Amino acid sequence: MQKAVLVLGLVLTSVNAYGTKVQQSIINSFNVSQLSITPKCQLQFNEFFSNFTMDRYSWALQMADATSKIPSGLLSLNFGEMGDFQQCVNIEASTKTGTILGKYCLGSLIVKETTSSDHQNMWEMFSLEKLDVIRLVLSVKLRWALCLPDGCNTDDANLVGNFLLTNVVGEEVGVRFSDLLCQTVKEVNPPLTNGAIVTIAILALLLSTVLLSTLYDIFCIFHGHKSCPMLVKGFSAYTNSKKLFKMTSPTPDQIPCLNGLKCLSMVWIVYCHTFTVRRVNPVTNAKYLIEWTNNWYSMIVHGATFSVDTFLTIGGALMSYGFMKAKCKNVRFNLFLYYLHRYLRLTAPFAIVVLVSATLLKYMGSGPQWPLVDHTIQQICADNWWTALLYVQNYVNVTAMCVGHSWYLNVDFQLYLVSPFLLYALWKSPKASLSFLVLCVLWFVGVSFYVAWVYDLHVILTNFYGNPHIYEKYYYYLTHTRCAPWFIGVILGYYIFKLKQNKFRLKLNKNLVWIIWGVCLGTMLTCVLAGFHSLRGEEYDRWGNAFHIALARPVWSLAVSWIILACTNDYGGPINWVLSLPIFQVLNRFIYCIYLIHVTLLYMISYDKKRPGYFSNFNLAYDFWGILWFSAGLSYLLILMTESPITVIEEMLIQSLCKKEHRKRDV
């Protein structure tokens with residue numbers, strides 16, 4: 001079947017001797033008058049044709065060259081061609097009709113239904129069935145870019161783009177452009193808003209305070225001054241760095257294995273998010289990405305969601321253990337200070353992340369997909385920052401969360417609000433309270449089962465047939481469906497307290513310990529891999545998905561509880577040795593800020609890319625380690641600006657609120 005020459009999409013002939021023929025064929029094959037484009041767009045296209053030469057300085061040639069071509073690797077599903085973004089937006093030409101700017105539009109390719117006998121075997125050449133095509137559309141971004149004069153609007157881009165694709169590949173593939181992803185140099189370099197200027201001033205003030213406090217602190221230390229003001233030390237990078245990187249021997253009332261558990265869980269979470277965000281970018285080998293997602297080792301990515309339950313279990317255990325230990329030492333409990341402490345510690349670094357996300361992100365990069373940073377992150381934070389700082393956005397504006405991965409903070413803080421009543425009851429009436437906590441676990445397991453059953457939730461997030469947005473909205477983000485591991489942790493913390501007080505002894509036969517460890521590790525492996533063959537099919541398994549959603553996370557929490565309990569009671573062996581390594585003390589101080597930063601950083605890096613990537617295990621690992629340590633570096637700055645100072649400010653505030661005779665004990 002004969003194809004017309006593509007004006008902006010075909011690869012231009014590199015041999016200058018044929019330049020005139022190529023130019024003439026382009027002009028003859030594309031007549032803008034046959035398309036219902038706007039007059040201004042038509043006028044600028046006339047200028048385009050009259051200025052089209054094979055001279056490399058020709059703005060029309062640069063515009064044609066910046067448009068997506070027919071890429072190699074189509075059999076590998078390389079449908080992520082994004083043209084040359086920078087070349088397009090840098091075009092600025094003076095013509096008879098005025099200045100013409102390059103306008104870059106990134107569109108989504110659309111696979112159309114067709115019954116044409118000429119194309120009924122279109123997808124057979126890719127070794128794909130219709131089902132695989134559906135999976136492709138759902139899981140991989142099919143992109144195509146068009147560079148055209150700035151006088152053309154989005155409707156013009158759709159007309160031109162579909163005309164070009166029709167002449168090259170037929171009517172089976174179309175393209176759809178949107179205003180959001182059409183950019184000129186004006187959209188790429190927007191002026192600073194008042195909010196952005198204020199944010200820059202705040203960050204500059206914080207960094208300057210850290211720098212000046214550090215210099216003054218060093219001056220005090222090395223010039224014989226006995227002490228610096230407390231607030232100066234709170235901002236000093238010198239003093240705080242010594243605290244951050246200090247490793248000490250654990251005391252008897254500490255649980256050192258928790259440091260390793262938390263650090264390894266955060267590493268797993270960063271790996272999961274690296275893969276998840278990686279998929280927003282087009283890749284040149286989408287077929288391999290589909291195959292990788294359909295393989296069993298993709299379950300390792302899905303299994304990272306269990307790390308959240310590890311944190312919930314540890315959080316409940318530490319809360320319970322700390323409360324019991326404080327009551328045993330007759331420390332006076334102040335409900336206001338209890339809440340204030342938690343809110344300040346969580347919110348100080350989080351508020352900076354929210355502020356930057358709401359005002360600065362769109363100025364921190366550029367690229368074909370960069371407007372999505374403003375649309376999906378910055379605008380949402382500008383509108384819903386208050387729900388984030390009040391920790392209610394897992395129930396309010398669930399589909400428009402500011403810093404979306406911070407849903408965990410909402411769950412954690414909401415459970416923290418109810419914890420004093422449960423912990424006080426546990427202290428006063430342990431037997432009745434333990435029974436109540438067990439009933440709470442069973443009740444919330446039942447709630448999870450009911451939600452999964454009613455909304456037909458798919459548990460496997462890498463399942464092409466599931467709807468992750470429904471799963472997240474009605475189950476994953478909600479406190480009442482995720483809190484069972486936290487209640488298990490509260491029970492665990494109580495028994496650890498009893499162990500530390502020698503009021504409870506766990507005496508087990510060595511062979512029984514080995515058996516329990518085998519069951520524990522086997523259970524955790526089952527939680528990660530279960531459902532790969534049975535819950536990923538097109539036919540929905542209601543019972544299987546509901547039972548998995550209801551039981552897998554509490555069971556995982558029980559396995560984590562055994563690890564903590566065994567390590568606390570000298571049954572951990574080499575596992576306890578690894579989890580209690582001193583290096584985890586240091587890394588543990590960074591994981592909260594790494595958690596806050598890394599997802600936004602991932603989106604910024606992904607949307608800043610101007611070429612499709614290549615997916616492989618090695619590249620995924622390379623991206624993961626880069627993101628992890630880059631986030632760690634930024635988290636160090638965030639700690640110096642927020643966490644360390646707020647600790648000192650909180651101490652000063654408590655001292656001013658408490659009476660003089662109780663000051664030392666309460667602090």
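Read the figures in this text as sums done on the coordinates, not as results from a lab. Note that the structure is a prediction, hence the values are computed from the model and not measured. Here the Cβ is made from the backbone with ideal geometry for all residues, glycine too, and neighbour counts use every protein chain on show.
Peptides 619-625, 459-465 ordered by packing proxy, namely the average of other Cβ atoms within 10 Å per residue, highest first: 459-465, 619-625.
Label-to-label distance for SER249 and TRP514 is 3.2 nm, based on points extended 7 Å past Cα in the beta-carbon direction.
Within the shell defined by Cβ-Cβ distances under 15 Å, the residues around ASN410 carry a net charge of +1, with Lys and Arg each +1 and Asp and Glu each -1. With K and R counted +1 and D and E -1, the other residues having a Cβ less than 15 Å from that of ALA60 yield a net charge of -3. Directionally averaged projected area (segment 196-309, Cα convex hull): 13.3 nm².
Cβ-Cβ distance of PHE630 and LYS610, R₀ of 22 Å, FRET efficiency by 1/(1 + (r/R0)^6): the value works out to about 0.70.
When the convex hull of the C-alpha atoms of the chain is computed, what volume per residue in Å³ does it have?
Working: hull volume 130.8 nm³, N = 667.
Convex hull of Cα atoms, per residue: 196 Å³.
Cβ neighbours within 10 Å, averaged per peptide: list 536-547, 468-479 in order, most packed at the top. Display every interim value, and only then the final one.
Numbers: 536-547: 14.2, 468-479: 17.8.
Highest-to-lowest ranking by the protection proxy: 468-479, 536-547.
Each Cα pair under 8 Å and six or more residues apart adds its sequence gap; the mean of these over the residue count of the chain is a relative contact order of 18 percent. Over 22 Å apart at the Cα level, from the set LYS329/LYS503; LYS431/LYS510; LYS243/LYS329; LYS243/LYS500; LYS40/LYS69; LYS327/LYS428, are LYS431/LYS510; LYS243/LYS329; LYS243/LYS500; LYS40/LYS69. If you sort the three axes of the alpha carbon gyration tensor as a ≥ b ≥ c, you get a/c of 1.5 or more for segment 354-468 and a/b no higher than b/c, which makes it oblate.
Where does each of 331-340, 302-311 land if you order them by average Cβ count within 10 Å, highest first?
Details: 331-340: 13.2, 302-311: 21.9.
So the peptides 331-340, 302-311, ranked by packing, come out 302-311, 331-340.
Partner aspartates and glutamates whose Cα lies under 12 Å from the Cα of LYS233, excluding those fewer than 8 positions away in the same chain, are identified as ASP217. A crude spin-label estimate for the pair ILE200 and LEU506, with each label 7 Å from Cα along the Cβ direction, gives 5.5 nm.
Relative to the Cα centre, the charge distribution of the chain, modelled as +1 at Lys and Arg Cβ and -1 at Asp and Glu Cβ, gives a dipole magnitude of about 3360 debye. Summing charges over neighbours of LEU312, with a neighbour being any other residue whose Cβ is under 9 Å away from its Cβ, gives 0 when K and R count +1 and D and E count -1. Cα centroid separation, segment 73-108 to segment 572-612: 37 Å. Give the distance, in whole Å, between the Cα centre of segment 533-557 and the Cα centre of segment 413-446. Taking the Cα centre of segment 413-446 as reference, the centre of segment 533-557 is 27 Å away.
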